[in-house]
1. Is there any pair with a first residue in the stretch A:87-102 that is within 11 Å of residue A:295 (Cα to Cα) and a second that is among the polar types (S, T, N, Q) and not in a strand (DSSP E or B) whose Cβ atoms are under 7 Å apart and which are 6 or more apart or on different chains, and what are they?
2. Provide a single number: the residues in the stretch B:80-94 that are within 14 Å of another protein chain (Cβ to nearest Cβ) and either part of a helix (DSSP H, G or I) or in contact with a Cys (Cβ under 9 Å, 6 or more places away or on another chain) (or both).
3. Being of a type in the set (Ser, Thr, Tyr) and within 14 Å of chain B (Cβ to nearest Cβ) narrows it down to one of A:710, A:770, A:751, so name that one.
4. Let me spell it out: the conditions are (1) farther than 20 Å from residue B:94 by Cα; (2) within 14 Å of chain A (Cβ to nearest Cβ); (3) of a type in the set (D, E, K, R), and residue B:55 meets all of them except one. Which number is the exception?
5. Could we say that residue A:688 is under 30 Å from residue A:470 (Cβ atoms), more than 14 Å from every other protein chain (Cβ to nearest Cβ), touching a residue at least 60 places away in the same chain (Cβ under 8 Å) and among the aliphatic types (A, V, I, L, M) here?
6. If I filter the stretch B:68-79 for residues that are away from chain A (no Cβ under 14 Å), within 24 Å of residue A:761 (Cβ to Cβ) and surrounded by 13 or more Cβ atoms within 10 Å (Cβ to Cβ), do I get at least one hit?
7. Determine whether residue B:97 is exposed (fewer than 11 other Cβ atoms within 10 Å of the Cβ) and within 14 Å of another protein chain (Cβ to nearest Cβ).
Amino acid sequence: MLRYIIFAPLAGAALNWLVGRWLLKRDRPNEALIGGIACAAVGVATVVALWLAFRPGTGVLISDHVELDSLWTWIQVGRFRADFGLGMDRLSGIYACFVTFVGLLIHIFAVGYMHGDRSFYRFFAYLNLFMFMMLTLVLADNLLLMFVGWEGVGLCSYLLIGYYIDRKEAGDAAKKAFVANRVGDWGVVLGIMLVFALTGSVSFFDKTAAVTGNTAVASALGVIAKMPLDPFTWHALIAGGVTSTALLLFIGATGKSAQIPLYVWLPDAMAGPTPVSALIHAATMVTAGVYMVVRCSAIYSHAPTVMFIIAIIGAATAIFAATIGIAQNDIKKVLAYSTISQLGYMFLACGVGAFVAAIFHVMTHAFFKALLFLGSGSVITGMHHEQDMRRMGGLRKYMPITFATMMAGWLAICGIVPFAGFFSKDEILWKTWSTGALAIPNGAGKALWFIGAVTALLTAIYMTRLMVMTFWGGERFRDTNAGGQADAAHAQAYDKGLAPHDAETASVAGSPQDVGHLADAPTLIMDADEHAHEAHHGPGEPHESPWVMTVPLIVLAVLATVGGLVGIPYALGSLVGGVPNYFERTLEPAVAKAPERGGAAGHEAAATGQATEPRMLSRPPQQVDGASPLSVGEGQQGEPAAERAPAPAEVSMERLFTLVSLAIAALGIGIGYLIFSKRPLRPLPRLLENKYYVDEIYDAAIINPIKVGSREGLWRLLDVKVIDGLVNGMGRAMRETGDVVRRIQFGFVRSYAAIILLGALAVIGYFVFSFAR
Amino acid sequence: MIPMSWYLALSAVLFTIGVAGVIIKRNAIAMFMCIELMLNSVNLTFIALSSFFRDVSGQLFVFIVMTVAAAEAAVGLGIIITVFRNRESLDVDDASVLRD
């Protein structure tokens, strides 16, 4: 069954790639059909994923069944074995469900957003290919196949960032993303090699011979889970053991998930179309690093040094990106830095051992950040491809649906109470404060919590600024000199033989600008309502987006509002009559527990071993609609921690911290509103606006030395002087030898003949003479 | 029955004429013909000895020599034609500039 999840999008990609150009070229552009193929392909994957996750009895998320699907043995060399096999346990089940579902919504949105694009089919082929790769990454049952998906999403990210092939900055951004990811991938490859060297396997699951069709495969994670804990020292990082493995894999995660120091590609990646930013650079691909860390939680829980590093890098990235986000003026750039910051939260959670909270935040973040990105896409379309927030303002009157849905996303990311982001962010902050993980020295948890709390405040401020600049305040889109540069990105793609688009002239108010929504382009998607809309106000006015774009927004807004309710922590659930934490209960058995300070190492290893391997669960987890969490399985060893009632003191503490984070969010919103509602264009520190000059520093410190070294050292010295010199020198040596040797020739053919004769006579004479004797 | 020595003597005479021709003649075609003469004198020796010793391998060698001679004639004449085109002369002493 699992194979349909990944191969349906691949089939969609192939179909669109092969026939899409033909469909688009006919006199009646068949965008609905192309988009329909793409959406249907993802739709199949979504249905299958949800069915496998929730089917009665053996659903992956509601029983302890692990769905395995071994297609073929991919590589078998000596002891090394990698299958092309898929596996869905609870972790990949959650991932597969939200990736396919959010992906489906974004596909639908993209049909509207990309309307009129001249290579519409190429976009959807890439998008479907991305879904294939992402699902391969998530569902792979071994590290090597996961790495195939890992590289594949990198490729699709490259293709889609550089989708506007006629724009140089898009191409540059694509290359930057690709190169930054390569740096990280180097770590992943070495990490996988090290896992194999340590365990003799790269599989995530124990697979019996019946599943694989030939020999049984042992789980690498299971082997590591039984190993002794690595010591918490810096030396362990280079010792070549589990800690080194964890560090190398984490280097890959910093690349893919845009953490310090490799985050620089993500803001530039906004050069791609907005649905791409929503799908790849917010909801799914960038969380692949978190997925890998949690998937390999058995490795990380044995490497406290790396856990500590992850927590620090996560917290640092969170606050660093949040400060930059405050001062950006491009609506997508703000969201990009916000994504980096939220990814920092997720890694902070991983670092303090709260793997479940990390995945919870991944899921809620996928909902609300996809919503915010799609909302910004809707705004950009409505504003006729204007991305600069300084030219927006007062849009809530013109785009009521977009405004309402973005409100949900805004409240979710700020962390206001019933919205999704509140529960996940609050849980991360609480787990950071209260962590007992061996990896976090005493007191460090409190410091990390403080950083996280400040980041939450900054998050609320910059998101409020975004909302205020976009939806409230004066209508600045009529101003001629609002500053900033129009982004011609989206515009240039719409060349249907009409005059150049308005993006260059967007600052001139009232210029006829309707190219994004060609009145004469026949289409099945654009509804007549929009025409009426255009007639209703001037063509230069902002307008609400068509239904293909607003429906996904509404669905995501609902998810961003209620999606967090699946993971209500005990401290809050018990307030309202014991609502269980479904999310934690579902995921807890699938991840390893980080060792606690002062815990007995032997006991920990046993506990982790049990927790990592879903097949070894000592009892089936309860049904979601089960009875009281305390009634079943009490006291058994493999029991998830969430099911035990925490100490009352801890619970009241957690409630207090919930109030604190609510207060922080409210404070941030208040500050943001007060500061920016009066002066939305308030100048901000140049240091922040210029992103701490990190790009410039990287240029000076790394890129330029490489460039100069390549040009002067490798090209002018090594290539021209040494290698070319060697080859040319060989030729010259031959010539010069020949010059010397040819002097002994005199050039008369008959003389040579005579010499040959003499020689022959001499030989004959010799033989005659010697035989005659 | 002609004695064996006559064949060998004739062959030696022909070969000597060939050698002398190659050394004395300046005309490239004449030299070429002299080389053919030498080859054929050797062929004569082969045939005579083959018949004398009742052994066919000598005759087989003759076929090989003829084949090689044909190939060599084609290449050689090609060279001669090229030289003539370039120098308007078949005097081999003129074609002595390669070393400069």
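1. A:90/A:586
2. Qualifying residue count, the stretch B:80-94: 3.
3. A:751 is the lone residue from the list that is of a type in the set (Ser, Thr, Tyr) and within 14 Å of chain B (Cβ to nearest Cβ).
4. (2)
5. When the stated conditions are applied, residue A:688 passes them.
6. Within the stretch B:68-79 (the criterion being away from chain A (no Cβ under 14 Å), within 24 Å of residue A:761 (Cβ to Cβ) and surrounded by 13 or more Cβ atoms within 10 Å (Cβ to Cβ)), the answer is yes, since at least one residue qualifies.
7. yes
Let's see how each residue does on (1) surrounded by fewer than 16 Cβ atoms within 10 Å (Cβ to Cβ); (2) modelled with pLDDT of 80 or more; (3) not in a helix (DSSP H, G or I):
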position: A:604; (1), (2), (3): no, no, no
position: A:607; (1), (2), (3): no, no, no
position: A:622; (1), (2), (3): no, no, yes
position: A:659; (1), (2), (3): yes, yes, no
position: A:663; (1), (2), (3): yes, yes, no
position: A:695; (1), (2), (3): yes, yes, no
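The values are calculated or read from the model by the stated rules, or taken from the named source; none is laboratory data. All of these numbers come straight from a predicted model, not from anything done at the bench. So basically every Cβ, Gly included, is an ideal-geometry build from the backbone, and we count neighbours across all protein chains shown.
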